[in-house]
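One structure is given below, encoded as structure tokens.
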Amino acid sequence: MVNEGKIREADILIEGELISQISESISPKTADVQVIDLEGRLLIPGAIDDQVHFREPGLTHKADIETESKAAIAGGITSFMEMPNTNPQTTTIEALNDKYKRAERTSYANYSFMFGGTNDNLEEILKLNTKEVPALKLFLGSSTGNMLVDDPSVIESIFSNTNLVICCHCEDEATIRANTQDYLNQYGEDIPVKYHPEIRSEEACYLSSSMAIELAKKTGARLHVFHLSTGKETALFDNSIPLKDKKITAEVCIHHLWFSDSDYEKKGTHIKWNPAIKTEKDRKMLWEALLDDRLDVLATDHAPHTLEEKNNVYTKAPSGGPLVQHALVALLEAYHKGKISLEKIVEKMCHNPAILFDVEKRGFIREGYYADLVAIDLNNPWTVNKENVLYKCGWSPFEGTTFKSRISHTFLNGTLVYYNSELTGKKAAKRLTFDR
């Protein structure tokens, strides 16, 4: 059992949806108790992914809540927080409630939805019940068309008037536009994808994230900066106080730890993300900041598109890719290579999202907590291919990669929902609640 900085052998008793007892040895008291022997396996809390795009409603040719939540539980992610840039966008309470109704019907993982800020929806933001929403999402870059929040007075007003965590996508729009035009002048529409990190540059990221941090300090807002991609930005964050006391936090995503700009030649637009995958030096510095606790959370930014869409020329190929099924096993590859400990993976993927967003009774293996648990076989190699990819889009940037570790069991609210590389078909998902 890997939990709260320790690895130890234990028995766990699940009653209903909750963990009722953790002890060195528990004997069944009645004959109808189901015993699952995980000798030789790891048991960790279900991962909580604070940043996914499941594309429902409006973009369901790419993905939907049902398909992607199934992929998530196959990957050991038992809870997700979904982003607001769907169609319609989640920028009204009506649209938010519609998403909750959809997830209640179709989700196979525990679910919640972030609310999107725009240049003109502050009134809606102020009506939100903070116990029902994990956070507010602001796009300070050009990823999402008219969800771009670029009015400085509006940004300051939002920062000053909400108690919710404000999650920001930080890239400077003016810098990106100028860089894009430079490359369009040179190459036309078919810009070589290797220039993506120069268009969505270190400067674009740093300008935006440093501005957001300055504003958070000025207003006292609670800021979480999504998907850091540059080494330079890591210097903006602090590891001198515990996460529960931090007002300014940050995360890194699996693709920025796995890939570097040298991979564009082979992978092309399949690894085109916003913010862009950058240099080997950036990747090294992101790892260092994750391990020394300047970066608090590991997430996926799971954002599927169809292969047909991704195979377009640079200017028409959308940014993003599917990751929830493979993020945890990819991190375990880093463990096998001695880059990160099991305890640190669990801290960053399970414990810290629960602490940061005040998720109620999840993210830890504790008595009285929901039994969201993931069993892992550390030595059961398998190779990612189109036949075992569960994403609706039908592809993965990890195709051809052999992982040493395999998810053997996923329990959701006490129910075994994934076993032996197969979904059990049982639905046990619940809406996340927040202890605020």
Could you check ILE48 against (1) aliphatic (A, V, I, L, M); (2) surrounded by 24 or more Cβ atoms within 10 Å (Cβ to Cβ); (3) farther than 16 Å from GLY363 by Cβ and say which number it fails?
-> (3)
Within region 92-108, is even one residue in a strand (DSSP E or B), among the aliphatic types (A, V, I, L, M) and more than 18 Å from LYS427 (Cα to Cα)?
-> no
Any chance you could count how many residues in region 116-137 are within 14 Å of LEU148 (Cα to Cα) and touching a residue at least 40 places away in the same chain (Cβ under 8 Å)?
-> 2
Any idea which residue in region 34-58 is farthest from LEU298 (Cα to Cα), counting only those that are in contact with a strand residue (DSSP E or B) (Cβ under 9 Å, 6 or more places away or on another chain) and of a type in the set (Asp, Glu)?
-> GLU56
Pick out the one residue from LEU122, LEU215, LEU138 that is over 20 Å from ALA317 (Cβ atoms), surrounded by fewer than 21 Cβ atoms within 10 Å (Cβ to Cβ) and in contact with a strand residue (DSSP E or B) (Cβ under 9 Å, 6 or more places away or on another chain).
-> LEU215
Between residues in region 201-215 that are among the polar types (S, T, N, Q) and residues that are in a helix (DSSP H, G or I), which pairs lie under 7 Å by C-beta distance while being six or more apart or on different chains?
-> SER201/THR175; SER201/ASN179; SER209/GLU233
Mind listing whichever residues of region 240-266 are part of a helix (DSSP H, G or I) and surrounded by 15 or more Cβ atoms within 10 Å (Cβ to Cβ)?
-> LEU243, ILE254, HIS255, HIS256, LEU257, TRP258, ASP261, ASP263, TYR264
Within the group THR306, THR300, which residue is more than 15 Å from PRO197 (Cα to Cα), surrounded by 24 or more Cβ atoms within 10 Å (Cβ to Cβ) and of a type in the set (Ser, Thr, Tyr)?
-> THR300
Residues that are among the hydroxyl-bearing types (Ser, Thr, Tyr) and assigned to a loop (DSSP other than H, G, I, E, B), drawn from region 387-436 | TYR391, SER396, THR401, SER405, SER421, THR424, THR433
Can you find even one residue in region 349-365 that is part of a loop (DSSP other than H, G, I, E, B), over 22 Å from MET114 (Cα atoms) and in contact with a Gly (Cβ under 7 Å, 6 or more places away or on another chain)?
-> no
Could you tell me which of the residues VAL384, VAL389 is of a type in the set (Val, Ile, Thr), touching a residue at least 60 places away in the same chain (Cβ under 8 Å) and crowded, with 18+ Cβ neighbours inside 10 Å?
-> VAL389
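Since every read-out is calculated from the coordinates, none of them should be taken as a lab result. Computed from a predicted model, the values in this text were never measured in an experiment. Note that each Cβ is placed from the backbone with ideal geometry, even for glycine, and that neighbours are counted across all protein chains shown.
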